[in-house]
1. Tell me which of G190, L121, A148 sits at the most positive position along the dipole axis of segment 98-210, charges placed on C-beta atoms (Lys, Arg +1; Asp, Glu -1).
2. If Lys and Arg each add +1 and Asp and Glu each add -1, what is the summed charge of the other residues whose beta carbon sits under 12 Å from the beta carbon of L348?
3. With every protein chain present, what accessible area does S387 have (1.4 Å probe, heavy atoms only), rounded to the nearest 10 Å²?
4. Rounding to the nearest 10 and keeping the result within 0 to 90°, find how far the Cα-based axis of helix 144-160 lies from the longest principal axis of the chain.
5. Can you give me the relative contact order of segment 387-497 as a percent, contacts being Cα pairs under 8 Å and 6 or more apart?
6. Can you run phi through the Karplus equation (6.51, -1.76, 1.60; θ = phi - 60°) for segment 55-72 and list ³J(HN,Hα) in whole Hz, with x for Gly and Pro?
7. In debye, nearest 20: dipole of the chain around its Cα centre with unit charges on the Cβ of K, R (+) and D, E (-)?
8. Give me the net charge of A51's neighbourhood, meaning all other residues with Cβ under 13 Å from the Cβ of A51; Lys, Arg count +1, Asp, Glu -1.
Amino acid sequence: MTSDLRQLALGTVLPAFEGTTAPPWLLDRLREGMAGVILFGRNIVSPQQVAELVRQIREARPDAVVGIDEEGGDVTRIHHDEGSPYPGNRVLSENGDLDATRAVGRGIGAELRDLGVNYNLAPIGDYVTDPLSPLTTRSYGRSPRDNAEHAAAWIEGLQEAGVAACVKHYPGLGGSLLDSHLSLGRVTAGRAEFDDEHLRTFVSAAASGVASMMTAHVVVDCLDPSAPTTLSPAVISRLLRDEIGYDGVVISDALEMHGVLNHASSLPAAAVGALRAGVDVLCLGAEQYEEATTAVVDAIVAAVRSGELSAERLEEANRRVAAMARAYPGTVGVPGAANTAAERAAGLAAAWGATTVEGDASIAGGPGGTGGTGGTVHVVTFDDRTSIAAGPVPWGIGPELRAAGVAFADHVLTPPISDLPDLPGLGPSDVVVAVVRDLPRHPASAEVFARLDAPRLVVVDMGYPGTDYPRATGVVRTFGASRASSAAAVRALTRQA
């Protein structure tokens, strides 16, 4: 019974690991019955390397769940070195074409399938309405209906490609302005408002057959004011399972996050509490390796022996994870086998369809010119990171401007941003292009931006909508910072006035 119990405990765990090859401890745990792994950017160098890494994992456990966060837009792992070629959620919602959204999900799914990845911790289903939200353009937004419809379409495309989707963060994190990586947030909306604005997307996803849902490390007062969702039987077992009728996999958000650790006493205690609440598989976090895996498994085994957690709950969790693995078995990996040209083209078209231009934002006129006047183009990028989840992914318009043949002086401001670059002798023919995103979330950058003075100021806003720029002669809004959105921004800037 001891070995069977340990196997059941391992069957609920998805840890991370260091390196670009599978370490011995990981392969040993997989052979013993661990559910699978989560890949991060640090594990990825090239498609061929990832395929070989997945082959190692599947040799140890053929039905392993190999997960990754590949949302497109600002959050990418497989394109972490250059940025995603696919637009993010807010772009797709602003574009308004469900077929394009479905195509982007399908394209991302095909690329993951070719690498052997069979589980994508995406899309975001949270409905965000405030520029101070840490989720910003990761949310489809616009309206609750748009949010639900585009999430369902993206999920459909991804799962058509053979990769299990995971809509997050159930029951809806968009009403909190706190980053659950750093603290425990609270949503205070009443039940009717919460159901209409936030829960709607998850009910829709459940009805459309999403393979998995990820819990939110947030307290929702109208559902359970005493605990974050990840640790709440009321929100998972009763609402999601019994009332909504969802029988797919429920995975925790990363258990190393303070949004849950601020409530639980430790990571192992959070793991036991999550399983007891109805979670099936535990995401241990980006930097939780062998030691954390051992501690969590030991705590689960001890909880069953003490009667705190039932063996039947572990069996139920293992059953759901195994069913998802059978439905989305993954492959050893054949990188480049799928032709995703049509899906990437649909993403580019969606990025252009979503982009708006206010005033005169043209810097056209050929290489080095602004409307043919021969002035200098200065590009000032306020290189603020969007979130911990996104990580240090390259963004901005520099590569696309160079590809378009535009000569420019490049000024990149990195945090802590306290002063403007030296822009000597700006003349009437010169133009300053300020590239920003989510300025309301970055007061230091907003203060420096307010001091930016130029004869012609063009703003490229690649973040959440809502900021006004009264001193700008032109504003380009892309609603995201992927490579697709960068290309759309440059297209807007270089069109002839």
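The values are calculated or read from the model by the stated rules, or taken from the named source; none is laboratory data. Since this is a predicted model, take the numbers as computed values, not measurements. We place every Cβ from the backbone using ideal geometry, glycine too, and count neighbours over all the protein chains shown. We work out accessible area using only protein heavy atoms, side chains counted, and drop any ligands, DNA or RNA first. Shrake-Rupley method; radii C 1.70, N 1.55, O 1.52, S 1.80 Å.
1. Comparing the listed Cα positions along the dipole, L121 ranks first.
2. On the way: positive: R344, R483, R491; negative: E343, E400.
Surrounding charge for L348 is +1.
3. Accessible area of S387: about 20 Å².
4. Once rounded, one gets 70 degrees.
5. Values: 133 pairs, mean separation 28.1, N = 111.
So the answer I get is 25 percent.
6. 4, 4, 5, 6, 5, 6, 8, x, 9, 5, 8, 10, x, 7, 9, 10, 7, x
7. For this selection, approximately 540 debye.
8. Details: positive: R55, R58, R113; negative: E52, E59, E111, D114.
The answer is -1.
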